[in-house]
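First the structure, in the form of structure tokens, and then the observations on it.
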Amino acid sequence: MFRQFIRVPAISTRALTRSITFSAANQPRIRIGSIAPNFETETTQGKINFHDFIGDSWTILFSHPADFTPVCTTELGAFSALKPEFDSRNVKLIGLSAEPIAKHKEWIKDIEEVATGGKEFQFPIIGDESREVSYLYDMVDEEGFKNLSGGLVLTIRSVYIIDPSKKVRLIMTYPASTGRNSAEVLRVIDALQLADKRGIATPIDWTEGQDVIIPPTVSNEDAKKKFGDFKEVKPYLRYTSLK
Ligand code: BEZ
């Protein structure tokens, strides 16, 4: 029977291929604020322990359905080309699909040819042939879940944003047919990091440099001390420019 690990030694995907039972009842429940389950696995850049890989960085763990597929090719190319933007925010990227490392490596050559702007591909991809990480992070749809123990598994487009304390901070889930939005991924990283640094919240469609929201837990008196001027639209809706 699969055992859930939260803060304990990482699960080895090799061991799990032999012993794992993909039971819905025992599947970890990952929530915002929970510790990202740890695991050890093979990637295109060698073996990793996931928590060691995260280290002191923010990390985006994301899955894609399969190698040599069109939407995934555009997504991985775009994320790779944006590596300098992620680096400047102290964010690491790591991809995943339930395919072998050797196949990932062949596909990366295509991605470099057509989707990275001619640059080298920039981050590791997990070869989750054992389906352990896909199971651990629930990166499959109904059909995929039934096939975890044998059969075709196309992982969905899951995104987990994990902070340096290893806490899950944001979860996005897209179906296979819908490519993600790289600008949105960068935007939510900026929003999370600013919220942590300045104790604010961000309104609808916020982007870097726009006014932010003072949380209702901060009194007007404290808001004045902390942010200086602010605009009160309603007692519970107050904006500040953070200038
Ligand atoms: C794709 O990445 O292109 C894709 C994968 C699975 C289903 C549909 C599209």
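A few comments on the model shown:
- Residue-span extension gain [Lys234 to Asn181] - 0.36 nm each, minus C-alpha spacing: 15.8 nm
- Paired Rg and Dmax values of the range 199-240, which use every Cα atom, in angstrom: 9.7, 28
- The relative contact order of the range 3-180 comes to 29 percent, based on Cα pairs under 8 Å that sit 6 or more residues apart.
- Taking θ as phi - 60° and the Karplus parameters 6.51, -1.76 and 1.60, the scalar couplings of the range 232-243 work out to 9, 7, 9, x, 9, 10, 10, 10, 9, 8, 6, 7 Hz in sequence order, x denoting glycine and proline.
- Full-stretch length increase - Leu170, Glu142 - with 0.36 nm per residue and alpha-carbon distance subtracted: 7.9 nm
- Per residue solvent-accessible surface (Å²) - the chain, probe of 1.4 Å: 50 Å²
- Principal-axis tilt of helix 101-114 within the chain, Cα atoms, nearest 10 degrees: 60 degrees
- Using a probe radius of 1.4 angstrom, the carbon and sulfur fraction of the accessible surface of the range 3-180 is 50%.
- In degrees, nearest ten, helix 70-81 long axis to first principal axis of the chain (Cα): 60 degrees
- Contact order relative to length of the range 199-240, as percent, for alpha carbon pairs under 8 angstrom and 6 or more apart: 36 percent
- Coupling constants for the range 53-64 follow from the phi torsions by the Karplus curve (6.51 cos²θ - 1.76 cosθ + 1.60, θ = phi - 60°), and in residue order they are 4, 4, x, 9, 9, 7, 9, 10, 9, 9, 10, 9 Hz; glycine and proline get x.
- Proximity of backbone amide H atoms, modeled 1.01 Å from N, is registered between Val140 and Ile156 at under 5 Å, excluding neighbours fewer than 5 places apart on the same chain.
- Among Thr73, Thr21, the sequence by solvent-accessible area, most first, with a 1.4 Å probe is Thr21, Thr73.
- Highest to lowest packing among 103-110, 90-97, scored as the average C-beta count within 10 Å: 90-97, 103-110
- Taking the centroid of alpha carbons for each part, the range 37-77 and the range 88-134 are 7 Å apart.
- Measuring nothing but how far apart in sequence close Cα pairs (under 8 Å, 6+ apart) lie, relative to its length, the range 106-237 scores a relative contact order of 10 percent.
- Proximal lysines relative to Lys119, as straight alpha-carbon distance under 28 Å, when same-chain residues fewer than 8 apart are discounted: Lys47, Lys83, Lys92, Lys103, Lys105, Lys109
- Protection-proxy order for peptides 34-46, 207-219, each taking the mean of Cβ atoms within 10 Å per residue, highest first: 34-46, 207-219
- Here the Gaussian network model covers the chain, with springs between Cα atoms less than 10 Å apart; of Ile204, Ile20, Ile30, Ile204 fluctuates the most.
- Protein accessible area in the range 199-240, 1.4 Å probe - carbon and sulfur %: 54 percent
- Expected 222 nm ellipticity per residue - DSSP helices of 4 or more, -39500 (n - 2.57), all of the chain, to 500: -9000 deg cm²/dmol
The values are calculated or read from the model by the stated rules, or taken from the named source; none is laboratory data. Because the structure is a prediction, the values reported are computed rather than measured. In this analysis, Cβ positions are derived from the backbone assuming ideal geometry, glycine residues included, and neighbour counts consider all displayed protein chains. These accessible areas exclude ligands, DNA and RNA; they are computed on the full protein's heavy atoms, side chains included. Shrake-Rupley method; radii C 1.70, N 1.55, O 1.52, S 1.80 Å.
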